[in-house]
Amino acid sequence: MSEALEAGPGTAACAVDTSHRTTRYSLPGSVTSPGIAVTDRSSPTYPRRSLPIIRVNAGHGSDEGTCAHFLQAKTHVTERNERPRRRKERRSDFLIKAVFGVLDLIEGEEPQQSHDLEALAAQQGNFGPAEIAWIANAVTTFPDLAAEGLRPVSGYWVRSGASPSEYRELYSWGRGYTTDDGSLRVLVLPVLAAASVRLPASSKVAIAAFTTASGTLSSWPSKWSSRFQPAEGTATAPGMVSVRQVGLLDGSMIELFGGTPDEAKALYETAGRAVAAKVTAGGSASPGRDCVSCRLLDGCASVPRPTALLGISDREAPLRQVSATTLRYHAACPRQARLSSIHLSSNAKESAAIEVGRVVDDVLNRAHSTNDPASCTGDQLTNLLKATPPADDIADRVIELLGHHTAICPRAGSCDLTDLQVQATVTAFDPDASSVVVARPDLLYREDGELIWRETTTSFAPPGGKKHLFDTSKRLQLALAVLLCHAGTLGEPVARLEVEYLTDRGPDLRYLDVTDPELIAQARAVVEPVARNWRQDETFEANPGAACGSCSYTRWCPDAAANERTDHA
């Protein structure tokens, strides 16, 4: 007796001889082998324990990494890469794992039983008070799947198998549920914000559905370079599978896939298999948001590494990522910087000034992303604005500022403009500060062959001249841009840094010479003290005060609430 089975990323169909309890199938990388014997789920033992492990998560290649070097290193889990000794962070940051940890303690109990959720959250790691409040809220609003007859499973559904040269695993990180009879399996994919704010890639849904439908329930590896350990016994094959996204901000839930195991397999064939194979293959490095998590960072030749960029010397400090926004938040309130860096979600309403700036940025980004040289004329910008109209109370202001841009848009000149990039990520690794520095210029482009960096802001324009250049709310952004340009992080000289001010007084375009020693010294004087305070901070305590008025995280911060009570007593 035999049945068709698909195993591992990119594997071919195979036959299962249930009388011998052994599965034979082909895997990527085993083109010379017609089949490799692998013990099925009734036995947790496997052959060839010394084989290197290739482990693919459903999120690889989508929301959990895009750099080919990073993905190859992350999926080849048994390869070793020596990294310098660094201290560990004092604060925990894995919020979703903490939510799951509390759910493990309370799911399945009687509904009327009460718990001190904040106390349980505090047991999950060294979190600050705002994170603890957020975790408790996420648990409180988490959907009651028991009402659907579902119970949580202990472990992860994993596809696995071996070739002569490697052992492969395919899984999806999330929270699994099943009915008592095993006829329905549900995988919850959590997000920090509300559900549907950002839908996952089709490849992630496809791999999640496939592994949920046909994977073996397994426990997490004892160490990352070890294998998932299949559970004892034989599980019932499900008749239906559901993959759902749950927003931990508010408990919202949407179904991403619902169907039979055959339908899950068909989706994997069309949307998942190629991605599962691609992420292990390697390719060109693309420095960016993956760098801070990449074990290849210290030896990666693709990442610029200007020493003393931040003016700090602490090579054993915990590796962190930093931007001008991080430094600006930390200068105002260290806790705000911390919550932003771990992507804590909030549904707080933006101030009018922030909303105006965001809408203007969005319209200009869409205009510059087109190949139409006339995209920033008044009519074209108006049409783009109509596609996503702003709130009535800021509409006139937005239209006014967009009109100012038309006169000083790079495309409005007569020069030869090429290679325009919108919000490109500029990345540098400062080994002295043990920090990955990132910036996203509003525009990078070439004018008559020369590289230009432009920043656009709707904030107050300072008086002219060098003396007051950094007397603005964007001073850290501009100063860090000067230092990145001067350090050569773009791989070639930057002809100039442009600052475009869109204000009540009209358009104002400033040109900065990033080779000017006086300007560089001013930029260092702005960045270094703020960066040093941020780098030395290990606890990120709150600084209640003026920053609370524009902070997105006051809902979770007990100190902000106390500050508001004091101010309004």
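The values are calculated or read from the model by the stated rules, or taken from the named source; none is laboratory data. All figures in this text were calculated on a predicted structure; none of them were measured in a lab. Virtual Cβ from ideal backbone geometry, glycine too; neighbours counted across all protein chains shown. These area figures cover heavy atoms from the full protein model, side chains too; ligands, DNA and RNA do not enter into them. Shrake-Rupley method; radii C 1.70, N 1.55, O 1.52, S 1.80 Å.
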So if R0 is 41 Å, what FRET efficiency would THR503 and ARG295 give, r being the distance between their Cβ atoms, rounded to the nearest 0.05? 0.35
Quick check: pseudo-label points 7 Å beyond the Cα along Cα→Cβ at ARG151 and ASN126, how many nm apart are they? 3.8 nm
What does the net charge come to around ALA308 if you take all other residues with beta carbon closer than 15 Å to its beta carbon, with K and R at +1 and D and E at -1? +1
Placing each pseudo-label 7 Å from Cα in the direction of the beta carbon, ARG532 and ALA391 end up separated by a distance in nanometres of 4.1 nm
Round to the nearest 0.05 the FRET efficiency obtained for ASP116 and ALA277 when R0 = 41 Å and r is the Cβ-Cβ distance. 0.30
Across region 421-431, in residue order, what do the Karplus-derived ³J(HN,Hα) couplings come to in whole Hz, using 6.51 cos²θ - 1.76 cosθ + 1.60 with θ = phi - 60° and x for Gly and Pro? 10, 9, 6, 5, 8, 9, 10, 9, 10, 9, x
Regarding region 364-422, what is the average projected area of its C-alpha convex hull, in nm²? 4.1 nm²
Among beta bridges assigned by DSSP with both residues in the chain, the antiparallel ones amount in percent, to the nearest 5, to 70 percent
Burial order of peptide ranges 155-165, 261-271 (average beta-carbon count within 10 Å, highest first): 155-165, 261-271
Which of the residue pairs LYS74/LYS278; LYS74/LYS204; LYS74/LYS223; LYS223/LYS278; LYS204/LYS265 have a Cα-Cα distance greater than 18 Å in the structure shown? LYS223/LYS278
Backbone N under 16 Å from the ALA352 label point (7 Å along Cα→Cβ), restricted to region 388-426: 390-401
Accessible surface ranking that places the most exposed of GLU232, GLU518, GLU89 first, with a 1.4 angstrom probe: GLU232, GLU518, GLU89
Sum of -39500 (n - 2.57) over DSSP H runs of 4+, divided by residues of the chain (222 nm, nearest 500): -9000 deg cm²/dmol
Segment ASP181-ASP471, length gained on full extension (0.36 nm per residue, minus Cα span): 97.7 nm
On the full set of protein chains, 1.4 Å probe, figure out the accessible area of VAL303 and give it in Å² to the nearest 10. 10 Å²
Taking 0.36 nm per residue of sequence separation and subtracting the Cα-Cα distance, how much length would be gained by fully extending the chain between THR418 and ASP513, in nm to one decimal? 32.1 nm
